[in-house]
Amino acid sequence: MKPATRENILVVEDDQGVLDLVASILRANTYVVYGAGCARDALTICKYHPEPIDLLLTDLKLPDLNGLELARQIAALRPGIRCLFMSGYLVDPESIPENRFLEKPFSIEVLMHAVESALAPRGDRRQTG
């Protein structure tokens with residue numbers, strides 16, 4: 001387990017079971033987690049939540065907006081936010097910014113490695129996978 005942290009992660013996932021599981025894993029590893037079941041709710045959180053949001057972890061296929069477009073809109077509201085994308089569908093990882101992609105299903109270890117890598121200082125980014 002990693003040392004205590006107060007990094008805030010916004011998880012956007014329309015499958016409530018997956019959202020609950022990912023949020024539970026991240027919270028058990030000392031992250032503060034905000035969950036949203038759709039892009040609209042994620043954008044509302046980003047607009048009105050007063051604390052920084054360090055990482056957006058979003059599904060690519062959402063019912064109301066593509067995850068890449070959601071990331072663009074959130075980056076406009078929260079400059080400097082880190083992004084990590086996930087999907088259970090076939091995706092070309094080269095199409096994902098900075099190759100930050102998690103293929104579902106993933107293990108706890110893969111999730112944690114990807115999150116820690118995405119949150120690492122910009123000069124110290126490790127490859128996910």
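The values are calculated or read from the model by the stated rules, or taken from the named source; none is laboratory data. Owing to the predicted nature of the structure, the values given are computational and were not obtained by experimental measurement. Backbone-built Cβ (ideal geometry, glycine too); neighbour counts: all protein chains shown. These accessible areas exclude ligands, DNA and RNA; they are computed on the full protein's heavy atoms, side chains included. Shrake-Rupley method; radii C 1.70, N 1.55, O 1.52, S 1.80 Å.
Of note:
- Failed condition for THR128, given (1) surrounded by fewer than 18 Cβ atoms within 10 Å (Cβ to Cβ); (2) of a type in the set (Ser, Thr, Tyr); (3) at pLDDT below 95: (1)
Residues checked against (1) surrounded by 15 or more Cβ atoms within 10 Å (Cβ to Cβ); (2) without any contact (Cβ under 8 Å) to a residue 24 or more places away in the chain; (3) over 19 Å from LEU102 (Cβ atoms):
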residue	(1), (2), (3)
GLY35	yes, no, no
ALA39	yes, no, no
TYR48	no, yes, yes
ILE53	yes, no, no
PRO63	no, no, yes
ILE74	yes, no, no
ILE81	yes, no, no
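- Matching strands (runs of 3 or more DSSP E) fully within segment 7-120 where at least 2 residues are at pLDDT 95 or above: 8-12, 32-36, 55-59, 82-87
- All of THR58, THR44 fail the test of being open to solvent by 10 Å² or more (accessible area, probe 1.4 Å), free of Cβ contacts under 8 Å to residues at least 60 places away in the same chain and closer than 24 Å to ARG27 by Cα, apart from THR44.
- Per the listing VAL18, VAL91, the residue uniquely under 13 Å from the mean Cα position of the chain (by Cα) and more than 14 Å from LEU119 (Cα to Cα) is VAL18.
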